[in-house]
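Structure, as structure tokens:
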Amino acid sequence: MSIELISKLREMTGAGIKDCNNALKEANNDIEQAIKILREKGIASAVKRADRSAKQGIVYSSISDDKKTGVLVEVNCETDFVARTDQFKNLVVTIASHVAKSQSQENILEQKYDNTQTVKDLITNAIATIGENIILKRAVKFVSNGVVSSYIHMNNSLGVLVDFECSEEVAKSEQFQTLTKEIAMQIAAVSPLYITRDQVPAEEVAKEKEIYVKQLQDEGKPANIIEKIVVGKLDKFYSQICLIDQPYMRDTTGKEKIKEVIAKAGKDIVVKQFARFKIGE
């Protein structure tokens, strides 16, 4: 058994010396057959790892050069040590690249990555070589008529993707480019659930209103006063969960709303959609 052949197989598969040696013996020194044997054994070991908890990982975003397409992915592993390795990071970048090229966001794991494997196979093979359970927890792709922007927290534990609708003229302005970063950071920090009030389900609003009315009735407030107080409480409720009604985090007075910040940056700017991924949520 040549050392060169074992070294080549190790480089191609990431498997250990003993495993490579045994696979080459079994394959009669046919390196392609040895790779197949190792993959099969790797898949078997990967299945055993599938029930192990994967609560670490990274969130990664990618934006096209024209800023019309953006993707955000969260890939989990078992330890922070593995999450920091180049091999794991390269896997995440590869998955994000596939999502960006894909025509569908449905069943990403079952999609063909290349002529020989699916995205699931790609991850399974990585599990075999890295030695930890790895999960593609979620992925999203925005294709915009305006601009897609993103924000990734410095430790890659939190990421945001935002789709803005705006004119080409506004998109070129420095003020708008600053705005996209600020909005993405606002979403990261404050975690809104919706963009506007009309996106909040009616039953959710009704439930909140019912709670407020009951509280005020128990306090003995008259009906005409209750109605006015409930309006104010609902305004506060919206300011907590709706992006454009939230107080701008940079404003220390708490008076300036996000919708006012957007209006200052240019005419007809609309936040169309956003995604916020945080490891562990």
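Numbers below:
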quantity: Flag for A223 being modelled with pLDDT under 90 and aliphatic (A, V, I, L, M); calculated: yes
quantity: Matching option when the condition is of a type in the set (D, E), within 20 Å of L122 (Cβ to Cβ), part of a helix (DSSP H, G or I) and modelled with pLDDT of 75 or more, among E40, E32; calculated: E32
quantity: Within region 127-138, tally of residues that are farther than 12 Å from A54 by Cα and modelled with pLDDT of 90 or more; calculated: 1
quantity: Residue among K137, K89, K141 that is in a strand (DSSP E or B) and surrounded by fewer than 21 Cβ atoms within 10 Å (Cβ to Cβ); calculated: K137
quantity: Per-region count, region 78-119, residues closer than 19 Å to K55 by Cα and more than 18 Å from the chain's Cα centre (by Cα); calculated: 6
quantity: Matching residues, region 170-201, being touching a residue at least 24 places away in the same chain (Cβ under 8 Å) and charged (D, E, K, R); calculated: K181, E182, R197
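Listed here are the residues, each with its yes/no results for (1) within 20 Å of S191 (Cβ to Cβ); (2) in contact with a strand residue (DSSP E or B) (Cβ under 7 Å, 6 or more places away or on another chain); (3) at pLDDT 90 or above.
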position	(1), (2), (3)
P201	yes, no, yes
K214	no, no, no
D218	no, no, no
C242	yes, yes, yes
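The values are calculated or read from the model by the stated rules, or taken from the named source; none is laboratory data. No experiment lies behind these values; they were computed from the predicted model shown. A quick note on method: Cβ atoms are made from the backbone with ideal geometry, for glycine too, and the neighbour counts reach across all protein chains shown.
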